[in-house]
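Working notes for the structure below.
Quick note: the coordinates plus some simple rules give every number you see, no bench work behind them. These numbers were taken from a predicted model, which means no experiment stands behind them. Neighbour counts run over all protein chains shown; Cβ positions are idealised from the backbone, glycine included.
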Amino acid sequence: MDFSFTDEQQMLRDGVGKFLEKSYDFDARQKLVNADAPWSADAWQQFAEFGLLALPFSEEQGGLGGSISDCVAFAELFGKHLVIEPYLGSVMLAGSALAQSGHAAAEEWVEKIVSGEAVVAFAFEEGHGTASPELLAMTAQGSGDSACLTGEKRLVHAGADADAIVVLARKGEGGPPAFYLVEAGADGIDARAYTTIDGRSAANITFNDVAATELEASEEAVEKIIADAIIVQSAEAVGAMGALVAMTGEYAHTRKQFGVPIATFQAVAHRLADMKIAYTKARATLIYTTALAESGAATPRDIAILKGQVGKLGRAVGEAAIQTHGGVGMTDELSVSHYHKRLLACDTTFGDHAYHFRKVGMG
Amino acid sequence: MKGIDPDQSTMAGTTGREMKIEFAPELEAFRAEVAEFFATAPTPAIREAGRKTTSVFAPFKECMEWHRILYEKGWVAPHWPVEYGGTGWSVEQRFIFAEEYRKADLPPLLPQSLGMVGPLLIDIGTQEQKDRYLPGILNGDDFWAQGYSEPSSGSDLASLSCRAESDGDDYIINGPKIWTTYAHHANRMFMLVRTSTEGKKQQGITFLLLDRTDYPGMEIRPIVGLDGFPEQCEVFFEDVRVPQSGRVGEENDGWSVAKHLLKHERGGGNAASPTLMRYCERARAAAEKTPSPFGGMVADDAVFQREIGELEADIASLGHFEKLAISGHEIARDPAFPSMNKTINSELVQRASVLMTQVSGVDGLARQLETLRVGSNVEPLGSEFDLVSMPLCLNSRATTIYAGSNEVQRDLIARTVSGS
């Protein structure tokens, strides 16, 4: 048993890491966030060239047959660089939903996602941090190619910019969750676009009798797609936590007050220690849960533990980083506050730590 | 996935090992073998001692009986190198062994011999010391006490002043030691002594192995703890003459020997998370039967569910950390690993045992020392859960104090973050 990244994964990390160091430093990232375009088309093209957009798809579908640990390997770096591109929504969620359906129209979209030609949004959240497909309220009428959607979805990443949207809704009143494919700009869609606190383009979308194509999906398939997305998002969060620990340690070492580095004060030192403990716990759980998922052995409890831990510990690390940095930690200019906001966003989506801990506790 | 060529930024067609957890069918046979042994080998007294363990340190007599049974089976030291009596098990087998151990509610083996001085001697003992001491550590004939702390040297261990003066082939020891766990049961002791007062305080310390604990001039006094049990001891040395052949490492270089041992003490050969998860299982089972003031049972209460869920998630993270470490993952090569492991583990013991007492409520307030004695025929006042929850909670206040207080651990961890 070996939990380390394989040589290929390490090479992928090195390659993606080098690119991000060079082209996606914090200043470049802030320019992207504040630009008119919702994300960087150049970076997206670069991800395509690295094979990241093809990674989770099977070779028959033009993909690379990658595994969840391959995705975790580079997603930590996405977190370290606060990447705003809609990888999770378009590739992990919408892409996987399309790929598993076997539907002809869906196959075409997968090809376009893999090549970087199209971005497909994934509409899941319904306003309270929708933690599980069980909690969905939105219900589709009709079925097959003549399904019809009415209702609201929130926090749809790239929702107003995508070429298509995959919506998770119930198959008829009280039915199981299923995926529905909707063309961008279809009649009855009303998208209200915004930028999230962590710099991503998103939209709240109301669907009013919108024509949709139902995509086949078993309940297990829906669960697995959400679980994989939670793992990859957790990897991003852990990457962000690692960056904060390193940055805060360095700051405490150089920042002087009362004539000495603040790291020499035990109250500050112990906060640094707690940050490292939190980060290490979260990373251990991320890596172990990834290995479980890769073996097909991750249970809903395992996923809830990961989501809860990363959410709680990520918040704690972000808060401690700001406190240690003092006034500058409060500014928009320094990356610390942006990491904190990314970690808050990660905790809040797919159900926050309070929800997941209670799920664990219910047994 | 297929391999990626970083220069080309394209995928090349190679495959490698994957990050996976697989339990092959032969491992299930191993699990059955372990479970069968745990179901049949322990005596009733050993089982009772397991259920009545309210500390890291299980009841001594039964614990050592169990130690000898495991030795006969060849399973007493799974974490030791196989040439010294380890099992040579795979990582998966060690996980399985720990899981089954937990399920069987058996007393944990005492850490001082198997977990501390044994691995130390394997690493840096002389051949003579290995030959003399390792067999007794392994077969359970010997039990070692750890003579470190002194009345004036707790967290600041390097300030210790128990003196050893060289006299021919011997040292003559004078001074006190305290918080020496189970010294009253020990027949051997490893200890730190001051051999020089020159230079930095760390530079004049020597690490000694004591062949006996009944040398003339040596006196051991048990200290009754807040839970009512004599677990800790004071040890007094008055002109105690011991041979210099018991020295590990060079004279005045004992601090580096002690630091080496700390890796084993804090790093832990034995995973703690299975035991902690077992505490939670017990708390859950008790909560199923305990009415909540808000109606229903405590187990149905939202606050209880949230609390135990958060605790179990934290224990799971410790377990992941331990499993990564056993597998040799880079996370365990971090210089802060032993301190992080100790800090996480010790604070979780406290949280778990506090939660247990919350479930027990007033049924945990009776002082039942006689009932807790292995072999006692006094019935517990409440359930067996209520009998152990409070002593465990009280005793576990020690976990954040011993083996380097958690304040000291956090100082060490922080240094690896800030470099200060």
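Using alpha carbon centroids, what distance separates region B:348-404 and region B:275-332, in Å?
Computed from Cα coordinates, the inter-centre distance equals 17 Å.
Return the subset of B:Lys289/B:Lys342; B:Lys130/B:Lys259; A:Lys281/B:Lys263; B:Lys103/B:Lys259; A:Lys80/B:Lys263 for which the Cα-Cα distance in this structure is over 28 Å, preserving the input order.
Pairs exceeding 28 Å: B:Lys289/B:Lys342; B:Lys103/B:Lys259; A:Lys80/B:Lys263.
Pull up all non-local amide H partners of B:Gly147: gap of 5 or more, or a different chain, and H-to-H distance under 5 Å with H placed in the peptide plane.
Those qualifying (amide H under 5 Å, at least 5 residues apart or on another chain) are B:Phe190, B:Met191, B:Leu192.
For a quick size check, give me the Cα extents of region B:25-109 along its three principal axes, largest first, whole Å.
Answer, in whole Å and largest first: 34, 27, 21 Å.
Report the label-to-label distance for A:Asp25 and B:Glu370 in nanometres (one decimal), using points 7 Å from each Cα along the Cα→Cβ vector.
7.6 nm
Evaluate the Kirkwood expression for the hydrodynamic radius of chain A, namely the inverse of the mean inverse distance over all pairs of different C-alpha atoms, and round to one decimal in Å.
Working: mean 1/r = 0.0479 Å⁻¹.
Kirkwood hydrodynamic radius for chain A: 20.9 Å.
Assign one of three labels to region A:120-217, namely rounded, prolate or oblate, based on the Cα gyration tensor with a ≥ b ≥ c the square roots of its eigenvalues; rounded applies when a/c is under 1.5, prolate when it is not and a/b is larger than b/c, and oblate otherwise. Write down the numbers at each step before the final one.
Details: a/c = 1.99, a/b = 1.35, b/c = 1.48.
It comes out oblate by the Cα gyration axes.
Within the protein assembly as shown, what percent of beta bridges assigned by DSSP are antiparallel, to the nearest 5? Kindly include the intermediate steps, with their values, before the conclusion.
Working: 63 of 75 bridges.
In the protein assembly as shown, DSSP labels about 85 percent of beta bridges as antiparallel.
Enumerate the lysines that A:Lys171 could reach by cross-link, defined here as Cα to Cα under 26 Å, with residues fewer than 8 away along the same chain left out.
A:Lys153, A:Lys224, A:Lys359
Report, in order of residue number, the helices in chain A meeting two criteria: a C-alpha extent of 15 Å or more along the helix axis, and a mean Kyte-Doolittle hydropathy of at least 0.5; treat each whole DSSP H run as one helix. If you can, show how the numbers build up before the last one.
On the way: long enough: A:7-23 (24 Å, -1.08); A:68-80 (18 Å, 0.93); A:104-115 (17 Å, 0.18); A:219-254 (53 Å, 0.62); A:266-294 (41 Å, 0.17); A:300-325 (37 Å, -0.05); A:335-348 (20 Å, -0.41).
Length and hydropathy pass: A:68-80, A:219-254.
Can you check how the C-alpha radius of gyration of the protein assembly as shown compares to 2.2 N^0.38 Å, as a plain ratio? It would help to have the intermediate numbers written out before the result.
Working: Rg = 29.3 Å, N = 783, 2.2 N^0.38 = 27.7 Å.
That ratio works out to 1.06.
Alpha carbon centre of region A:337-356 versus region A:1-61: separation in Å?
Result: 22 Å between the Cα centres.
Using θ = phi - 60° and the Karplus form 6.51 cos²θ - 1.76 cosθ + 1.60, what ³J(HN,Hα) does each residue of region A:151-156 get, whole Hz, x for Gly and Pro?
Those phi angles translate into x, 10, 10, 10, 6, 8 Hz.
Using only the Cα atoms of region A:1-97, build the gyration tensor, take square roots of its eigenvalues as a ≥ b ≥ c, and label the shape rounded, prolate or oblate: rounded if a/c is under 1.5, else prolate if a/b is larger than b/c, else oblate. All intermediate terms of the calculation are to be shown ahead of the outcome.
Values: a/c = 2.14, a/b = 1.37, b/c = 1.56.
Here region A:1-97 falls in the oblate category.
Report, by chain and number, residues whose modeled amide H sits under 5 Å from the one on A:Ile189, excluding near sequence neighbours (fewer than 5 apart, same chain).
Under 5 Å from the amide H of A:Ile189: A:Asn208.
To the nearest Å, what is the center-to-center distance of region B:205-242 and region A:193-251, using C-alpha atoms only?
If we compute the Cα centre of each part, the gap is 59 Å.
Please list the non-local residues whose amide H lies under 5 Å from the amide H of A:Ala123, H modeled 1.01 Å from N, same-chain partners needing a gap of 5 or more.
A:Val166, A:Val167, A:Leu168
Take each uninterrupted DSSP H stretch in chain B, measure its Cα extent along the helix axis, and return the ones at 24 Å or beyond whose mean Kyte-Doolittle hydropathy is at least -0.5.
On the way: long enough: B:302-326 (35 Å, 0.31); B:337-360 (34 Å, 0.04).
Qualifying helices: B:302-326, B:337-360.
Where does chain B land on Rg(C-alpha)/(2.2 N^0.38 Å)? Mind showing how you got there, number by number?
Details: Rg = 23.2 Å, N = 420, 2.2 N^0.38 = 21.8 Å.
Rg over 2.2 N^0.38 Å, computed on Cα atoms: 1.06.
Which net charge results for the neighbourhood of B:Arg68, defined as the other residues with beta-carbon distances under 13 angstrom from its beta-carbon, given Lys and Arg at +1 and Asp and Glu at -1?
Values: positive: B:Lys61, B:Lys73; negative: B:Glu62, B:Glu65, B:Glu72, B:Asp141, B:Asp142.
Here the count lands on -3.
Over its Cα atoms, what ratio of radius of gyration to 2.2 N^0.38 Å does region B:289-420 give? Write out the running numbers ahead of the final one.
Details: Rg = 18.5 Å, N = 132, 2.2 N^0.38 = 14.1 Å.
Dividing the Cα radius of gyration by 2.2 N^0.38 Å gives 1.32.
Where a ≥ b ≥ c are the square roots of the eigenvalues of the C-alpha gyration tensor, would you call region A:194-320 rounded, which needs a/c under 1.5, or, failing that, prolate if a/b is larger than b/c, or oblate?
oblate
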